[in-house]
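Working notes, structure below.
Derivation of every value follows stated rules applied to the coordinates shown; laboratory data play no part. None of the values given here were measured: they were computed from a predicted structure. For neighbour counting, all protein chains shown are included, and Cβ atoms are generated from backbone atoms with ideal geometry for every residue, glycine included.
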Amino acid sequence: MIAETVCAAAAAAGLGIAAITAYRKRYLAAAHVAAYALVPLGLAMTGIVDWLTDTALSPTAWAGFGVLGVAWLLFASTRAVERRRGGGTREERRAARTAARRDAVAPTASAPSLGQGSRPTAGPARASAPRPEDDFTDIEAILKKHGI
């Protein structure tokens, strides 16, 4: 009886918060708050709360939860060991390692080029207009420097 009352009070408080949130024109957040607020009320109405209170006082149920916990720990630890090993047979792991080495990129390939660029030195301004073939010399030098 007390559990149902607490669930109903929690639902009423949550719906009040949802109404205030909706008043502030935050309708999506208000809908989320209302959804969470209605969960305890729904659990109380379906009788799950009574079932949970009966379960909480049962030593057999607690033993069952303990068994479930041990099963979960076994499952999680075996998955962790399996991931650490890489799974599969020894030949499959060896083939995967050789394929990874073969497809690896050379360490110098990703190093940035920090050398001096080909900048024109500050000198007297040209009096004539640049010729069309001179416009792309800097770009061509950069492309040649990078092997393109």
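Points worth noting:
- Principal axes of the range 43-99: Cα extent on each, largest first, Å: 60, 24, 12
- Distance histogram in 5 Å bins (all Cα pairs of the range 1-41, percent per bin): 6, 31, 26, 17, 10, 6, 3, 0
- 13 Å reach of a label modelled at Val39, 7 Å along Cα-to-Cβ, counting backbone N of the range 3-29: 11
- Per-pair calculated FRET efficiency, R0 = 25 Å: Ala100 and Thr78 via Cβ, rounded to 0.05: 0.50
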